[in-house]
Every structure is written in structure tokens, then in C-alpha cells.
Amino acid sequence: MDARTLHDIAAMPDPLERARAASAAMTTLQGQSVELSRIRRSAIIDAQQGGMLQEDIARHLGVSPGRVSQMKKAGTDAPDHKAPVGPAEPRPRVLVQRALPTPPSTRGSKSLYLTEAEQQGLTPERKMLFVGQEPANEHVGLGLRVEPGASVIARRKMFWANGVPVRISTSYFRVDVGENTRLDGEGFVLPTLQAAIEDMGHVFGHAVETLTARPATPYEADLLDIPGEWVVQVLRVSYSTEDVPIHALETICAASRHSFPIGQVTGSDQF
């Protein structure tokens, strides 16, 4: 489990959600520990069958021969590793579109997600999970041009479509940009986040959006109810006309519940 996942769980304001996320992460780690013990035991057996003595294996692993013997026994009394039984009823499948690049009319609306979902005939819901300062992860730090681990302001939200969890979205701001402003206040920023940024004197220059597909962290898998599935991470970093990174929006999308229409810039299409 990475440090960010631990921080996200510890920072959850709702104690019941925090306890549920912690339990899910512990279950995941327990399962990983059992599987890693099996892999290690199998590797030791393979090495011995290849002619290595237990003393040689111990020397390579930096442990005593007795500890190698213990490693060979670890996990042998665990239950057989079987594929999990599927749910009694299939989970609802919802495909939410996430347009790239985002149309300006949608970007400037009250909520990118609410606007997109309503246009697709879905019933959207949203909830604020966290507002406060936290350490920047590597890709957010790179986008905002701060050192990884440096404090940034985070505004984390959860989204549902037709009652199904589909997306976690976090707005990140440099402390020197957003501290002691509406950007670090509790609740949703009204009328829009875009308006609040413009009211502070920032003029939009350009944005860069990057997609990354990866396995969900335990925290993300629990919130989105996607055990063993992948997510699509969309990072949009917006810069002012003075080339200052003002806003980094990280959207974690349940991969099986999203489609991503990608359009060309007007006037630049070629066959």
C-alpha cells in the first residue's frame, strides 16, 4: 500500500467510511501477504530443485538456514487460492462519457460531471469527501511544479451515476495560489470553481490532459466498488496566461463504467 492511500484513508472525515476503507485495505493486504508467501515458498523450492543448498539460499536472502526452513512452511496450511465467487446479482453497468478535450461550455458550467451526466440522460450525485492540505504525489507535484511531498490544497469529491459509484475527482492547488482563499474553504465553491479562480485575477492560458490506465488502489477500489479492476486516471493541469500552473484536476474513473470520446481541435483535422 502506498503512502497516499494511507493518507487518504486517514483523512476521510466520515468515521464510518474511514473504518470501512481501512477494513477493506487490511483485507487486501492480508490476501497479498498470503500470496507473496506462496510465491516465496515456490521460489525456494525451485532453487533447491535446481541444486542449491539451503545454506546458499540463506546467504543470498540474508537470513539463517533455519529461517529458510520456516519460509518453506509458511502458507502451506492456508486455504486453497481460488477465484472469488461473483455477486449474487450482477453489478449495474453504467457507461459515463468523459470527453477529451473537455468542451469549453462544459468546463465552464456549474459542474463538469453534473453537466456531462445530465446530457447523457443519467441521474448524477456528488459528495465532498475532503478539503485540506496533503502531500503532493509525484504526478500532481510535477504538474503544479512543486516537489513531490510538498503540501498542496486538495478538494476531493465522489460521484455516482444512477446510484452507481463511477468517479473520484480531486482538485489540487499550490499553497501559494489557494491558501486563505475560497479554494481552501469547506463545501463546494459557488457558483463555480472556474469563477472563483477568475475572481482571483487568473486568466486561463492552456491546459494539458494526460490519461493513465492502472490498477485501482485499495482506497479507490473500495469507494468505487471495483475489487480487482482497473481505473483510468485523467490528469488535467491548467495554466494561466503567465504560465503559472493554477489547477490540477485528477479524475479517477472506474474503467469499466466509462467511455472517453476524444475530439480533434477545430480546424486541425486531417485524413
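The values are calculated or read from the model by the stated rules, or taken from the named source; none is laboratory data. All of these numbers come straight from a predicted model, not from anything done at the bench. Here the Cβ positions follow ideal geometry from the backbone for every residue, glycine too, while neighbour counts run over all protein chains shown. The area values use the complete protein model at the heavy-atom level, side chains included, leaving out ligands, DNA and RNA. Shrake-Rupley method; radii C 1.70, N 1.55, O 1.52, S 1.80 Å.
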Query raised in the report: So, in segment 134-170, of the ones that are over 30 Å from L122 (Cα atoms) and in a loop (DSSP other than H, G, I, E, B), which residue ends up least open to solvent (accessible area, probe 1.4 Å)?
Result: A136
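Results for (1) at pLDDT 95 or above; (2) farther than 16 Å from V94 by Cα; (3) among the acidic types (D, E), shown as yes or no for each residue.
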position: P218; (1), (2), (3): no, yes, no
position: D225; (1), (2), (3): no, no, yes
position: G228; (1), (2), (3): no, yes, no
position: S238; (1), (2), (3): no, yes, no
position: E242; (1), (2), (3): no, yes, yes
position: A255; (1), (2), (3): no, no, no
position: H258; (1), (2), (3): no, no, no
position: P261; (1), (2), (3): no, no, no
position: Q270; (1), (2), (3): no, yes, no
Requested in this report: Evaluate segment 206-229: report whether one residue or more is open to solvent by 20 Å² or more (accessible area, probe 1.4 Å), assigned to a helix (DSSP H, G or I) and without any contact (Cβ under 8 Å) to a residue 12 or more places away in the chain.
Outcome: no
Query raised in the report: Just wondering, is there one or more residues in segment 237-250 that are at positive phi and either within 21 Å of the chain's Cα centre (by Cα) or surrounded by 12 or more Cβ atoms within 10 Å (Cβ to Cβ) (or both)?
Result: no
**Report entry** Test for E35: is it at pLDDT below 85 and acidic (D, E)
**Finding:** yes
Requested in this report: Evaluate segment 171-178: report whether one residue or more is in contact with a strand residue (DSSP E or B) (Cβ under 6 Å, 6 or more places away or on another chain) and either closer than 27 Å to A22 by Cβ or open to solvent by 70 Å² or more (accessible area, probe 1.4 Å) (or both).
Outcome: yes
Requested in this report: Scan (1) open to solvent by 70 Å² or more (accessible area, probe 1.4 Å); (2) at pLDDT 70 or above; (3) outside any helix (DSSP H, G or I) for the single condition M1 breaks and write down its number.
Outcome: (2)
Query - Residues located in segment 55-74, provided they are touching a Pro at 6+ places or on another chain (Cβ under 7 Å) and buried (at least 16 other Cβ atoms within 10 Å of the Cβ) - result: A58
Query - Q133 being touching a residue at least 24 places away in the same chain (Cβ under 8 Å) and more than 27 Å from R257 (Cβ to Cβ) - result: yes
Query raised in the report: Restricting attention to segment 90-122, and to residues there that are outside any helix (DSSP H, G or I), more than 21 Å from V164 (Cα to Cα) and open to solvent by less than 30 Å² (accessible area, probe 1.4 Å), which single residue is modelled with the lowest pLDDT?
Result: S109
Report summary line: The number of residues in segment 179-192 that are within 30 Å of P218 (Cβ to Cβ) and either small (G, A, S) or open to solvent by 50 Å² or more (accessible area, probe 1.4 Å) (or both) is 5
